[in-house]
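Notes follow once the structure below has been shown.
The values are calculated or read from the model by the stated rules, or taken from the named source; none is laboratory data. Predicted, not measured: the structure shown is a model, and the values here were computed from it. Methodologically, a virtual Cβ is constructed for each residue, glycine included, from the backbone with ideal geometry; neighbour enumeration extends over all protein chains shown.
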Amino acid sequence: MKELATSIEGKLIALATSLVDQERAAVKVEPMEHSTGFWFGGGDMIKEPDGSLSVVGRFRNYGDSRTGLGAGQRGLECAIFRAPAFDQPFEKVKAWSKAELTCGGKRVTSIEGTSFRQTADGVELYISSEKDIPYPQEVSEFQKPGTGVWTIDVISAASVDELGPKNIREVLATDAPVSLHMKDPFIVDDGTGDTHLMYCLHPFSWSCSYTGLAVRKEGSDRFEVIDNYLLKRGHIWDVAAARVTDRFRVPQVGVMADMSPVSLYFYDGAECVREHKQNANAVKRPRGWSCEEIGGLAWGWDDDYPHMEPLSVTAPLFVSPYGTGCSRYVSTLVTDDAVYATWQQSQEDLSQPLVGHSLTMEQVEKLLQG
């Protein structure tokens, strides 16, 4: 893969960190409570035909997801919020419980990442959920009581207002132990009529996570897995997880004007699956762990898509100044006038609301000046 000049790398990192500004981010959607284990996020945002902005995500509450018939806490509800503009309040317009997202007779016990896709016919909404599905026989003894398998479903409609789970169907699932859990989807526009779906995957043991890509050819209703290991786990801060959550096509202005198109990939990383207690006498550093991941950045030439290489090799780039430091599920939206970013960010009370920050195109161009 042809390398970037060091000066260009610096410009791209400056652009990304100015967009995903941990200090200037404003809360867009509050969690249900301001306490540990309460979140909203794990989705993305689209601009609707009337110019309004709609963001999708899931409410996660602290507690066990295995209570009763999917009525417990944790991944509790998939919801859509809308605002007339990014700096105005987002109001809830749609919401579905776990019971309402039952697919193919498989009971949903928890909800995770979501993603919009705008189409010529309207909109699709991809939702990942844990379903009451048994592990494959060869690893069945490892399945904890009350847990299931994560898969990805889709619902479609002519507009966001008409979305509903009546036509929900499963689009990505596997019984392979090495990639058993597929979740946290997001759609990548490759400029063709094909649908490119990136996702996070975990082995049956939940010991690590990777990033995969599946493609649905135009005219088909079936996704084919292309690669389950797009971004390899790193060697230091991201040795346990490398979950890509967004592709940001860098505007071709400033130093990028005469270059081949480049994309940045935001990803969530973690050093541990569970919190690692640090030595009180050692230098403390953000490590990240499951559900409290921190953020990294990768890049790739668009003509070499989907190949990508990390820029944040020795340390994360995106760490909340509050709480656990968690900063994850970055998603971007590029319009003619601005670039918008949203993500989950740990707060002093240990909750994780959806926060956001934006740059005007004038600011983007200034950051990319030679």
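Would you confirm, using the coordinates I've provided, whether Arg58 is under 26 Å from Gln347 (Cα atoms), surrounded by 19 or more Cβ atoms within 10 Å (Cβ to Cβ), modelled with pLDDT of 95 or more and of a type in the set (Lys, Arg)?
Numbers: under 26 Å from Gln347 (Cα atoms): yes; surrounded by 19 or more Cβ atoms within 10 Å (Cβ to Cβ): yes; modelled with pLDDT of 95 or more: yes; of a type in the set (Lys, Arg): yes.
Criteria met by Arg58.
Identify, from the list Gln118, Gln88, the residue that is loosely packed, with under 14 Cβ neighbours inside 10 Å and either touching a residue at least 40 places away in the same chain (Cβ under 8 Å) or closer than 16 Å to Leu354 by Cα (or both).
Numbers: Gln118 fails: loosely packed, with under 14 Cβ neighbours inside 10 Å.
On inspection, the qualifying residue turns out to be Gln88.
Looking only at the stretch 117-170, how many residues end up being in a helix (DSSP H, G or I), over 22 Å from the mean Cα position of the chain (by Cα) and closer than 21 Å to Gly51 by Cβ?
Going through the stretch 117-170, the residues in a helix (DSSP H, G or I) turn out to be 137-142, 160-162, 165-167.
After this cut, where a residue has to be over 22 Å from the mean Cα position of the chain (by Cα) as well, the list is 137-142, 161-162, 166-167.
Restricting the remaining residues to those that are closer than 21 Å to Gly51 by Cβ gives 161-162.
Residues flagged as in a helix (DSSP H, G or I), over 22 Å from the mean Cα position of the chain (by Cα) and closer than 21 Å to Gly51 by Cβ within the stretch 117-170 amount to 2.
Can you name the condition, by its number, that Val171 falls short on among (1) without any contact (Cβ under 8 Å) to a residue 40 or more places away in the chain; (2) within 17 Å of Phe116 (Cβ to Cβ)?
Condition (1) is where Val171 drops out.
For the list (1) part of a loop (DSSP other than H, G, I, E, B); (2) at pLDDT 95 or above; (3) among the hydrophobic types (A, V, I, L, M, F, W, C), I need the number of the one condition that Val273 fails.
That leaves (2) as the condition not met.
Go over the candidates His276, His307 one by one and state the one that is under 18 Å from Phe186 (Cα atoms), out of contact with any Ser or Thr (no Cβ under 8 Å at 6 or more places or on another chain) and surrounded by fewer than 16 Cβ atoms within 10 Å (Cβ to Cβ). Lay out the reasoning, then the answer.
Numbers: His276 fails: under 18 Å from Phe186 (Cα atoms).
When all the criteria are applied, what remains is His307.
Exactly one of these conditions fails for Pro177: (1) out of contact with any Asp or Glu (no Cβ under 6 Å at 6 or more places or on another chain); (2) within 23 Å of Val330 (Cα to Cα); (3) not basic (Lys, Arg). Give me its number.
Going through (1) out of contact with any Asp or Glu (no Cβ under 6 Å at 6 or more places or on another chain); (2) within 23 Å of Val330 (Cα to Cα); (3) not basic (Lys, Arg) one by one, Pro177 breaks only (2).
So, in the stretch 316-370, how many residues would count as being small (Gly, Ala, Ser), surrounded by fewer than 20 Cβ atoms within 10 Å (Cβ to Cβ) and either over 14 Å from Ile294 (Cα atoms) or modelled with pLDDT under 95 (or both)?
2
Output the number of residues of the stretch 347-370 satisfying the condition of being in a strand (DSSP E or B) and not hydroxyl-bearing (Ser, Thr, Tyr).
Adding up the residues that qualify gives 6.
For the stretch 202-268, which strands (runs of 3 or more DSSP E) that fit wholly inside it have 2 or more residues that are among the small types (Gly, Ala, Ser)? Write out each step before concluding.
Details: elements: 210-216, 223-227, 241-249.
Result: 210-216, 241-249.
So which pairs qualify, if the first residue must be in the stretch 277-300 and without any contact (Cβ under 8 Å) to a residue 12 or more places away in the chain, the second must be assigned to a loop (DSSP other than H, G, I, E, B) and basic (Lys, Arg), the Cβ gap must be under 6 Å, and the two must be at least 6 apart or on different chains?
From the stretch 277-300, the pairs are Gln278/Lys284.
Any residue that is of a type in the set (Phe, Trp, Tyr), over 19 Å from the mean Cα position of the chain (by Cα) and not assigned by TED's automatic domain parsing to the domain that holds Ala298 - is there at least one of those in the stretch 177-192?
Restricting attention to the stretch 177-192, the residues satisfying the condition of being of a type in the set (Phe, Trp, Tyr) are 186.
Imposing the further condition that a residue be over 19 Å from the mean Cα position of the chain (by Cα) reduces the set to none.
Checking the stretch 177-192: not a single residue is of a type in the set (Phe, Trp, Tyr), over 19 Å from the mean Cα position of the chain (by Cα) and not assigned by TED's automatic domain parsing to the domain that holds Ala298.
Given the options Thr332, Thr324, Thr342, name the one that is in contact (Cβ under 8 Å) with a residue 12 or more places away in the chain, farther than 15 Å from Ala241 by Cα and touching a Pro at 6+ places or on another chain (Cβ under 9 Å).
Thr324
Hey, Gly113 hits all of (1) over 20 Å from the mean Cα position of the chain (by Cα); (2) part of a strand (DSSP E or B) but one; which does it fall short on?
Looking at each condition in turn, Gly113 falls short on (1).
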